[in-house]
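This report concerns only the one structure given below.
Every number here is computed from the coordinates shown, using simple stated rules; none is lab data. For clarity, every value in this text was computed on a predicted model and none was experimentally measured. Note that each Cβ is placed from the backbone with ideal geometry, even for glycine, and that neighbours are counted across all protein chains shown.
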Number of protein chains: 2
Amino acid sequence: MKPLSDTQPHGHLALQPHERSLIGMWLRLAKCYNLALRDVRASLRDACTLPQFDVLSQLKRSDERGLTFSELSRLLLVTAGNLTGIIDRLEEQGLVRRETNPEDRRETFIKLTEKGRDYATEIIPKHERDLVKIFSGLKPEIVDQLRSGLAELRKHLDAHGRHGSDE
Amino acid sequence: MKPLSDTQPHGHLALQPHERSLIGMWLRLAKCYNLALRDVRASLRDACTLPQFDVLSQLKRSDERGLTFSELSRLLLVTAGNLTGIIDRLEEQGLVRRETNPEDRRETFIKLTEKGRDYATEIIPKHERDLVKIFSGLKPEIVDQLRSGLAELRKHLDAHGRHGSDE
DNA sequence: TTACAGTAATTGAAGCATGAATGGTTGCAA
DNA sequence: TTGCAACCATTCATGCTTCAATTACTGTAA
């Protein structure tokens, strides 16, 4: 009655059904995300790029002080090196400005300019309505199912990602 | 009894709870995908990039004929212009080769070389075990919930993406 | 005070991604 | 046959993304 293969005996064994379904979940997640991303990006095209939108959106909901590169980096899950370029382009458009923190001159706050605040106020609701258009038609049960499942997945990934991968 | 505001009367109205939850779903989807993507990429780092892995993986499961740029483009949801570069790099490493279709000289087949096939055979199972490691620990009910929800979302996006956006 | 470990942002190289424009190829219609 | 519309891959410009190396600044310990 002993099984021919167990979970991870040595490494080179066929995957069990449950493991297969984990992989399938990841593939579906990736497919859905990229499929949706196309529409999301398309709807945003004339306004700005998605990463730029994300920055504006975070700044809009932050207080007067603005956000540092480190903070934005954590919020948006991108590297600080990446942000430098994104902020450069937003700054060229006059939508944000850099301001060194006088208390700790290593940090620089990123703040919305007047123009940037106006722009964010204009495009955020517009984008939200586009998002609704893209996803509306899904049955509410499905939406709830996904929301709660994704929340669980999020918890799992947060916990897993922290203390590195064992083995 | 007539409601104060309906779904899309003119554009500038507050979102309804159900619409809010659609947006929340998208945000969670994006967060989870990017969070997981970090781990997935990290696990693949020494082998090759994720897009390159995806190409090798598709070629491995295709028959001897290989795949054209158009076919790969549809399968991987990337533009043909993008693929040109990815295939260039795989070709430089000797893992794939281009071969013009003699029946229609516009098309070029991309095929695994001997070396490419060996390499794919080596890294695909390895990567699958890494994926399992990243996601294992999730309760099976959650996995099923996500799998079925994502399948529905996929259907919706496929249907929606085809015939453009109405309005 | 000076050395230094740690943190913050920037830079640079490589690769991924898009959209638009280009050149080769095909098949069909005039 | 010639013209042409449609299709395929490539190229180009722009921007995103990572990782690794660098510069600038801070606080602390010698």
>> Let me confirm one metric for peptide A:154-160, namely the mean number of other chain beta-carbon atoms within 10 Å of its residues' beta-carbons.
In response: 6
>> Label position 7 Å from Cα toward Cβ: report the copy-to-copy distances for A:A159 in nm, one decimal, ordered from shortest.
In response: 3.6
> Any idea how far apart A:R45 and A:E92 come out in nm if each label point goes 7 Å out from Cα toward Cβ?
Replying inline: 2.1
> From the label point of B:L37, set 7 Å along Cα to the beta carbon, how far off in nm is each other copy's matching point, shortest first?
Replying inline: 0.4
> In segment B:47-138, what is the count of Lys pairs whose alpha carbons are under 18 Å apart, counting only pairs at least 8 residues apart or on separate chains?
Replying inline: 4
> Whose Cβ in chain A comes nearest the axis that rotates A onto B, and by how many Å?
Replying inline: A:Y33, 2
>> Could you tell me the center-to-center distance, by alpha carbons, between segment B:67-146 and segment A:125-153 in angstrom?
In response: 30
> Nm distances between the label at A:G81 and the same-position labels in the remaining copies, 7 Å along Cα→Cβ, shortest first?
Replying inline: 2.6
> Looking at the square roots a ≥ b ≥ c of the eigenvalues of the Cα gyration tensor of chain B, which shape do they give, rounded for a/c under 1.5, prolate if a/b is larger than b/c, or oblate?
Replying inline: oblate
>> Can you order the peptides B:34-42, A:146-154, B:74-82 by their average number of other Cβ atoms within 10 Å per residue, highest first?
In response: A:146-154, B:34-42, B:74-82
>> Take B:T100 and A:A151, extend 7 Å from each Cα along the Cα→Cβ direction, and tell me the distance between the two endpoints in nm.
In response: 5.9
> Counting only other chains, what is the mean number of Cβ atoms within 10 angstrom of the Cβ of each residue in peptide A:16-23?
Replying inline: 5
> Within 10 Å of each Cβ of B:123-130, how many other protein chain Cβ atoms are there on average?
Replying inline: 3
> In nm², what is the average projected area of the convex hull enclosing the Cα atoms of the protein assembly as shown?
Replying inline: 23.8
